[in-house]
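Quick notes on the structure that follows.
The values are calculated or read from the model by the stated rules, or taken from the named source; none is laboratory data. Values in this document were obtained by computation on a predicted structure and should not be read as measured data. Note that each Cβ is placed from the backbone with ideal geometry, even for glycine, and that neighbours are counted across all protein chains shown. Protein only, heavy atoms only, side chains kept; ligands, DNA and RNA dropped before computing areas. Shrake-Rupley method; radii C 1.70, N 1.55, O 1.52, S 1.80 Å.
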Amino acid sequence: MSDARVAYNLSQVGKSWKREELPPPFATLDPASAAFADAVATFQAAKGLTADGKLGPSTFAALVPPKPVAAGDLAGLLVESCHVELRKGVKEVGGANCGPDVEKYQKSVGVAKGGPWCAAFVAWNVMNSRGLQKPPSWCSGSVATQWHLASKKCAPDAKTTPQEAGFKSKVKPGWVWCRAKDPTGAKECRSGTWVQGHTGVVVKVDDSGWTTIEGNTNAAGSRDGDGVYLKTHLWTNAPQVDRTIGWFDPSKI
């Protein structure tokens, strides 16, 4: 009889987490085994999480918490703020684009209840991580507006797009990622046109890709989802890279 927990855990290896990143006993157990799933369930139960034995992004965030951040490290503080929201398991409540936390994000940049909130999630975390009462001038409830305002203020070494040589080596944790619905929209946005898009904060970068924490998404990566999620994007995922508008460093604005 197949074990859905094992199938799920195998689907997350290299996507949401890597085995070598896990603490004992997980690092010594085979993700393809029921023993691994049982260990995950035991950990989840101890932390008050749903003990389903599936090591998804939220469980990983609880299992491997971020390292302490030094005061003044704006990028690190932004990443930590996003991780706190992720660990809370923020989900929409009472309808699409609604709920106490969602409305908190929306309010930070004047987005009405029921409006898209991925960009508002970024803005709120920037404010929260810096102890600000108002968002910086580049923050917006619109992904395209956010990109246009921020990228114009950034120095060349504080922003990049997939069209630039060596762009993979430029992206860092604490940077903001912006994407359009398709490659045509990404190109149009970079040239100054308003397009629909999606955004999140980069929390990890390695040879395989960049990991983000995003609001208003879901397990499938929708731009109109139901909560806050940890998502890993692979450099080899050409469609995702092609529709990326760009990345920028908000700590340099």
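Quick one: putting +1 on the C-beta of Lys and Arg, -1 on the C-beta of Asp and Glu, what dipole do you get for the chain around its Cα centre, in Debye to the nearest 20?
Here the chain has a charge dipole of around 660 debye.
Do the sum for the chain: with -39,500 (n - 2.57) for every DSSP H run of n ≥ 4, divided by all residues, what is the mean residue ellipticity at 222 nm, to the nearest 500 deg cm²/dmol?
Taken over the chain, the calculation gives -10500 deg cm²/dmol.
Of all accessible surface on the chain at a 1.4 Å probe, what whole percent is carbon and sulfur?
56 percent
Enter the Cα centre distance for the pair the stretch 92-110 and the stretch 175-212, rounded to the nearest angstrom.
Cα centroid to Cα centroid, the span is 22 Å.
Which whole-Hz ³J(HN,Hα) couplings does the stretch 36-41 yield from phi under the Karplus relation 6.51 cos²θ - 1.76 cosθ + 1.60, θ = phi - 60°, glycine and proline marked x?
5, 4, 5, 5, 4, 4
Would you pull out the residues with amide H under 5 Å of residue 209's amide H, same chain only if 5 or more places away, H placed 1.01 Å from N?
Distant-sequence amide H within range of residue 209: 235.
Cα-Cα over 20 Å: which of 168/231; 47/204; 67/104?
47/204; 67/104
Once amide H atoms are placed 1.01 Å from N in the peptide plane, what residues at a sequence separation of 5 or more from residue 53, or on another chain, have their amide H within under 5 Å of its amide H?
Amide H neighbours of residue 53, under 5 Å, 5+ apart: 41.
Identify which of 53, 192, 215 has the largest mean-square fluctuation in a Gaussian network model of the chain, with springs joining Cα atoms closer than 10 Å.
Most flexible of the set in this elastic network: 192.
How do 32-39, 77-84 rank on mean C-beta neighbours within 10 Å, highest first?
77-84, 32-39
Provide the packing ranking of 122-128, 232-238, 58-64, i.e. peptides ordered by the mean count of other C-beta atoms within 10 Å per residue, highest first.
Final packing ranking: 122-128, 58-64, 232-238.
Translational diffusion coefficient of the stretch 155-253 at 10 °C, 1.306 mPa s, Stokes-Einstein with Kirkwood Rh over Cα pairs, in µm²/s as a whole number.
After rounding, the answer is 118 µm²/s.
Please list, in order, the residues from the stretch 35-65 whose amide nitrogen is less than 17 Å from a point placed 7 Å along the Cα→Cβ vector of residue 91.
Counting only backbone N, you get 44-45, 48-62.
DSSP beta bridges in the chain, what fraction antiparallel, as a percent rounded to 5?
95 percent
Applying a 10 Å radius around every beta-carbon, put 145-156, 99-110 in order of their mean neighbour count, most first.
In descending order of packing, they fall as 99-110, 145-156.
Place a point 7 Å from the Cα of residue 169 along the Cα-to-Cβ direction; which residues of the stretch 200-221 have their backbone N under 20 Å from it?
204-211
Given the options 25, 162, 183, state which has the largest fluctuation in a GNM of the chain using a 10 Å cut-off (strictly under) for Cα springs.
Answer for the Gaussian network model of the chain: 25.
Could you calculate the contour length gain from residue 237 to residue 7, that is, 0.36 nm times the residue separation minus the distance between their Cα atoms, to one decimal place in nm?
Difference between extended and current length: 80.6 nm.
Using only alpha carbon pairs under 8 Å that are at least six residues apart, calculate the relative contact order of the chain and give it in whole percent.
Here the relative contact order equals 18 percent.
Where only protein heavy atoms count, and the probe is 1.4 Å, what is the accessible area per residue for the chain in Å²?
I get 45 Å² per residue for this part.
Apply the Karplus parameterisation 6.51 cos²θ - 1.76 cosθ + 1.60, with θ equal to phi minus 60°, to every residue of the stretch 75-87 and state each ³J(HN,Hα) to the nearest whole Hz, in sequence, with x for glycine and proline.
Whole-Hz 3J(HN,Hα) from phi for the stretch 75-87: 5, x, 5, 5, 4, 5, 4, 5, 5, 4, 5, 5, 5.
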